[in-house]
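Following: one structure in structure tokens, then a few remarks.
The values are calculated or read from the model by the stated rules, or taken from the named source; none is laboratory data. Values in this document were obtained by computation on a predicted structure and should not be read as measured data. For neighbour counting, all protein chains shown are included, and Cβ atoms are generated from backbone atoms with ideal geometry for every residue, glycine included. What goes into the accessible areas is simple: the full protein's heavy atoms, side chains included, and nothing from ligands, DNA or RNA. Shrake-Rupley method; radii C 1.70, N 1.55, O 1.52, S 1.80 Å.
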Amino acid sequence: MIFQRAIRRELLNTVGAVFTTLFTIVITVMLIRILGDAAGGRVASGDVVALLGFAALVYLPVIISFTAFIAVLLVVARSYQDSEMIVWFASGLSLARWIRPVMSVGVPLVILTALLSLWLTPWANRLSSEYKERFRNRDRKSTRLNSSHVSESR
């Protein structure tokens, strides 16, 4: 039981660190891309924060999946590297006893990923498309108005 609590605690700490790192990288890349679109006139500058939030929601399932994989891999590798697995095996415990603590962390992540993928990601994609389309329509209307004012002044 002590071993399993230690594994669970280490997995949770690693999940937090890996998620924070991956999420920061993805958000930074998306911010640069969206700011480039805003500077190029493809999206409204006032919609940058909303589009960044939608992009974060879209990429969240992928980030969570990568987080779970990397966290388990790091914890198992560190346990072998620090010779904790020798203690584990010397105590009469098999590698199969790792399944319960890994699943106690992994199953909630899988459920969260499923919920995000099925409901939140399509919603965020739809709203992001609506924001971009609304800006394109507004831009087209202003272009038509400007061209009609120019022709009237001649």
>> Once R0 is set to 41 Å, what does the formula 1/(1 + (r/R0)^6) return for the Cβ-Cβ distance between residue 87 and residue 31, expressed as a FRET efficiency to the nearest 0.05?
In response: 0.35
> Hey, can you rank 112-120, 4-12 by average C-beta count inside 10 Å, highest first?
Replying inline: 4-12, 112-120
> What accessible surface, in Å², does a 1.4 Å probe find on residue 45, ignoring ligands, DNA and RNA and rounding to the nearest 10?
Replying inline: 100
> Mean residue ellipticity at 222 nm from the helices of the chain, using -39,500 (n - 2.57) per DSSP H segment of n ≥ 4 over the full residue count, to the nearest 500 deg cm²/dmol?
Replying inline: -30000 deg cm²/dmol
> Counting other Cβ atoms within 10 Å of each Cβ, which trypsin sites (Lys or Arg not before Pro) in the range 14-83 have at most 15 and sit in a DSSP loop?
Replying inline: 42
> Using a Gaussian network model of the chain with C-alpha springs under 10 Å, which one of 50, 90, 77 is most mobile by mean-square fluctuation?
Replying inline: 90
> DSSP H helices in the chain with Cα extent of 20 Å or more along the helix axis and mean Kyte-Doolittle hydropathy at least 0.5?
Replying inline: 2-39, 48-81, 99-115
> Around residue 78, what is the net charge, scoring Lys/Arg as +1 and Asp/Glu as -1 over all other residues with Cβ under 12 Å from its Cβ?
Replying inline: -3
>> What figure, in Å² to the nearest 10, do you get for the accessible area of residue 63 with a 1.4 Å probe and non-protein molecules left out?
In response: 10
>> On a 1.4 Å probe surface of the protein chains, which of 31, 127 comes out largest in accessible area, and what is the full order?
In response: 31, 127
> What is the local net charge at residue 4, summed over the other residues whose Cβ is closer than 9 Å to its Cβ (Lys, Arg +1; Asp, Glu -1)?
Replying inline: +4
> Ignoring ligands, DNA and RNA, how do 37, 82 rank by accessible area with a 1.4 Å probe, largest first?
Replying inline: 82, 37
> What size of dipole, in debye to the nearest 20, comes out for the chain about its Cα centre when the only charges are +1 on Lys and Arg C-beta atoms and -1 on Asp and Glu C-beta atoms?
Replying inline: 420
>> Can you find, among 75, 112, 36, the residue sitting farthest towards the positive end of the charge dipole of the chain, where Lys and Arg contribute +1 and Asp and Glu -1 at Cβ?
In response: 36
> Which one, [x] 8.1; [y] 9.8; [z] 11.1, gives mean projected area of the Cα convex hull in nm² as derived from the coordinates shown?
Replying inline: [z]
> What is the sum of charges around residue 104, taking Lys and Arg as +1, Asp and Glu as -1, for the other residues whose C-beta is under 12 Å from the C-beta of residue 104?
Replying inline: +4
> Using a 1.4 Å probe, what is the accessible area per residue for the chain, in Å²?
Replying inline: 66
> What distance in nm separates the simple spin-label points at residue 126 and residue 76, each placed 7 Å from Cα in the Cβ direction?
Replying inline: 3.9
> If you rank 14, 67 by how much accessible surface each has, with a 1.4 Å probe, what is the order from largest down?
Replying inline: 14, 67
